[in-house]
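Please treat every number below as a calculation from the coordinates, not as lab data. These numbers were taken from a predicted model, which means no experiment stands behind them. In this analysis, Cβ positions are derived from the backbone assuming ideal geometry, glycine residues included, and neighbour counts consider all displayed protein chains.
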Amino acid sequence: MRHTVTPFTKGLGVIALLALAVRTINAIQHRDFQVLGDAMTFHLVGQGLADGKGFVEAFPPGGPTAEHPPGLEVFLAFWDKLGANGFLAHRIILGAVGTGTVVLIGLLARRVAGDRVGLTAAAIAAVYPMLWLADASLMSETLYGFFLVSALLCALWVRDAPSWRRAAALGALIALAALTRGEALALIVLLAIPVAIASRPTWSSRAALWAATLAAFVLVLAPWTIFNLTRFDSPVLISTNSNGLFVGANCRDTYHGELIGAWRFQCYTKRRANEDEAQYFARQRRIGIDFALDHKGRWPAVVGARLGRLADVYRFDQSVFFNTAEGRPANPVRWGIRMYWVVALLALAGIVLLARRRTFGLVVLLAPIVMVVCVATVTYGGTRFRYAAEPSLVILAAVTLVAAAQRLLASAGAPRTEPAASPPASAPRA
């Protein structure tokens, strides 16, 4: 059977080449940029895995570790075994993964609003600094983005023709995203439940569909969680660091003054001699939560600052500084944040436009946006935490741009045409 290459496919292929070129050039241009903090930990733990040491702390005391979800570390270890074990090689490889995410964004946007929106969203994603900067930072966001957008696309696939196999695929993708960044756990509620509700007519059939998603989710997640139960005295679902961040987000320095709403490593207490990693981070969580409960009067100001930092509208210079500490060069970050402001404003209009169409695609696109807002509200704000929302913002911005272009063409008397596309997410099923 012959497959016809459509204009959309050709256009998406050209955009993918552009995305790959942008990411490769950025990787080479910033090949000597400092690698610190989490990025170095990912690199060293992955290297240890490749060397057969298992999941071991990168720094003393060198015990078992689950500080981060294992996804990126396993991915880097795979390439280390193949000989691609340097920072530049990892940046180029992650740039290729980011290129795959650009293609997925184009396919998701097409599925939601047609070919033109698909190509426009992919084009924005190809050059959008908030995406390609992450691809070269050697952090987990790149792999996370690939699984996340795959899950969003799968959600619409389930909606089109619901079956337990498709629902299970959605659960597996959400689990893979969670094994790369832990907050994706929330999507089993924020994404999978709306999909089940929209895909079946009765509550019993909806529950059965969601149960299939949940079962696959648990099945993919279980080996890592069970493995952690054999290594630590305290239970670890995804990562130990998800506990520890509470003390850095809830202390005097992040409730008052210039760092309000941020996170501060200096708020951590020292590790005790008899503590393993899980016990240590669990104790940090208790200290942070106790501080938060003792300072409820500061919550409105702190949460406001967290959300301001999430949106990069509060203390711009600090945001740039924090980004440089996370592997992103300062000048591209400055331009990237400014471009994000434009994309976010266009996205707001896109939400209104899709809401008028009553498309289920909007529900899917909003799920990661709601997730990152919830995460920032209960932890702290920062550019990295917004990453999961960036693909949705790009697609919503593309909806606005295409609608504006069509209005201009219509006012100029040009005919409005739309190339053949897959059915929109709100199309009725036979």
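If R0 is taken as 35 Å, the Cβ-Cβ distance between Gln266 and Leu348 corresponds to a FRET efficiency of 0.40.
A full extension of the chain between Ala404 and Ala325 corresponds to an added length of 24.6 nm, given 0.36 nm per residue minus the alpha carbon distance.
Spin-label pair Thr225-Trp203: with each label point 7 Å from Cα along the Cα-Cβ axis, the two points sit 2.6 nm from one another. If you plug the beta carbon distance of Phe316 and Ala96 into 1/(1 + (r/R0)^6) with R0 = 45 Å, you get a FRET efficiency near 0.90. Over all other residues within a Cβ to Cβ distance under 13 Å of Met371, the charged ones net out to 0, with Lys and Arg as +1 and Asp and Glu as -1. In order along segment 153-168, phi translates into HN-Hα couplings of 5, 5, 4, 6, 5, 4, 4, 5, 9, x, 8, 5, 5, 5, 5, 5 Hz, rounded to whole numbers, per the Karplus curve 6.51 cos²θ - 1.76 cosθ + 1.60 with θ = phi - 60° and x for Gly and Pro.
Straightening the chain between Ala412 and Trp335 buys 24.4 nm, computed as 0.36 nm per residue apart minus the Cα-Cα spacing. Isolated cysteines of the chain, defined as having no other cysteine beta carbon under 4.7 Å away, are Cys154, Cys374. Taking the charge dipole of the chain about its Cα centre, with +1 at Lys and Arg Cβ atoms and -1 at Asp and Glu Cβ atoms, the residue from Ala151, His68, Gln406 reaching farthest to the positive side is Gln406. Can you compute the label reach from Ala301? Point 7 Å from Cα along the Cβ direction, backbone N cut-off under 18 Å, restricted to segment 345-381. Within reach of a label on Ala301: 380-381.
Taking a straight Cα-Cα cut-off under 18 Å and skipping sequence neighbours fewer than 8 places away in the same chain, the lysines within cross-link reach of Lys53 are Lys81. Report summary: the helix-based calculation at 222 nm, which adds -39500 (n - 2.57) for every DSSP H run with n ≥ 4 and divides by the residues of the chain, gives -22000 deg cm²/dmol.
Taking the Cα atoms only, what angle lies between the long axis of helix 277-294 and the longest principal axis of the chain, rounded to 10 degrees? Its long axis makes an angle of about 80 degrees.
Under the criterion of Cα pairs below 8 Å and six or more residues apart, the relative contact order for the chain equals 20 percent.
A crude spin-label estimate for the pair Met40 and Leu88, with each label 7 Å from Cα along the Cβ direction, gives 2.1 nm. Close amide H pairs (under 5 Å, H built 1.01 Å from N) link Val56 with Thr65, residues at least 5 positions away or on another chain. Modelled this way, with points 7 Å down the Cα-to-C-beta line, the labels at Asn274 and Ser163 are 5.7 nm from one another. Rg of the Cα atoms in the chain, relative to 2.2 N^0.38 Å, amounts to 0.99. Scalar couplings 3J(HN,Hα) for segment 201-214, obtained by applying the Karplus form with A = 6.51, B = -1.76, C = 1.60 to θ = phi - 60°, are x, 10, 5, 5, 6, 5, 4, 5, 5, 5, 4, 5, 5, 5 Hz; x denotes Gly and Pro.
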